[in-house]
Amino acid sequence: MLNFDHINTKKLETLIEINTLINSNYEDIRVLLTRIIESATRLTEGEASSLILENPEDRMLYFEIALGEKGTEVKRFALKSGEGIAGWVYEKNRSLIVNDVSADKRYSPEISQQIRYPTKSMLAVPMRVKEKCVGVIEILNKNGGKNFTEEDLQWLEIFATQAAIAIENARSFQRVKKEVFELHDQI
């Protein structure tokens, strides 16, 4: 459990800012999700990060948002449920800290090798809507070669919850908007 007596004011301000954005903007979900991921990356001191969502049509996991020096290259890839650490987190609907990916049998180095990005550590958490995993947020390589901590994991879980709420709200908003347009066309 996070110790609120010792919470960095900056972290709390960032969380309040994200909550305000979630409650005000559903028009451009990508901008909102990018802001959430940027904040999560900054607060956990990661070098790179991704937001991975399942495509219900083919059930593959796609890198919807990828930040860091190789972010645009990462977006070319997709994972199967259970594949790699992020796929494991998605399939098991459980958070994970891996401070030495080379020693973890779940780690799949193919993407890192293809884009020439050395992944050393990873923090990955499920994004849940009504306890169902709809995606994963992952943070790679804590700055300065440090290890990710349990506190980093707890903060990332908070941001994953915010991202899931934003996605659900945006989808609901789009459904209602479509229904309104359909009703308007019938009049």
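Some notes on this structure:
- Residues within region 147-187 that are farther than 19 Å from I85 by Cα and outside any helix (DSSP H, G or I), tallied: 1
- Among residues of region 126-143 that are among the small types (G, A, S), those with a beta-carbon under 7 Å from a residue that is surrounded by fewer than 24 Cβ atoms within 10 Å (Cβ to Cβ) at least six positions away or on a different chain give the pairs G135/L53; G135/E54.
- Residues in region 166-187 that are in contact (Cβ under 8 Å) with a residue 12 or more places away in the chain, aliphatic (A, V, I, L, M) and either loosely packed, with under 14 Cβ neighbours inside 10 Å or touching a helix residue (DSSP H, G or I) at 6+ places or on another chain (Cβ under 6 Å) (or both): 2 in all.
- N147 being open to solvent by 20 Å² or more (accessible area, probe 1.4 Å) and touching a Cys at 6+ places or on another chain (Cβ under 8 Å): no
- Unmet criterion (only one of (1) among the small types (G, A, S); (2) at pLDDT 90 or above; (3) under 17 Å from the mean Cα position of the chain (by Cα)) for A170: (2)
- In the set Y107, Y117, only one residue is touching a Ser or Thr at 6+ places or on another chain (Cβ under 9 Å) and either modelled with pLDDT under 95 or in a loop (DSSP other than H, G, I, E, B) (or both); that residue is Y107.
- Among the candidates E64, E150, E83, E110, residue that is closer than 20 Å to V31 by Cα and of a type in the set (D, E, K, R): E64
- Where a residue in region 84-100 is in contact (Cβ under 8 Å) with a residue 12 or more places away in the chain and within 20 Å of P56 (Cα to Cα) and its partner, wherever it lies, is in a strand (DSSP E or B) and open to solvent by 50 Å² or more (accessible area, probe 1.4 Å), with Cβ under 9 Å and at least six apart: N93/R128; N93/K132
- Condition check for K75: surrounded by fewer than 18 Cβ atoms within 10 Å (Cβ to Cβ) and touching a residue at least 12 places away in the same chain (Cβ under 8 Å): yes
The values are calculated or read from the model by the stated rules, or taken from the named source; none is laboratory data. Only a predicted model underlies this, so the values are computations on that prediction, with no experimental measurement involved. Note that we place each Cβ from the backbone using ideal geometry, even for glycine, and neighbour counts take in every protein chain shown. Heavy atoms of the whole protein, side chains included, go into the accessibility calculation; ligands, DNA and RNA do not. Shrake-Rupley method; radii C 1.70, N 1.55, O 1.52, S 1.80 Å.
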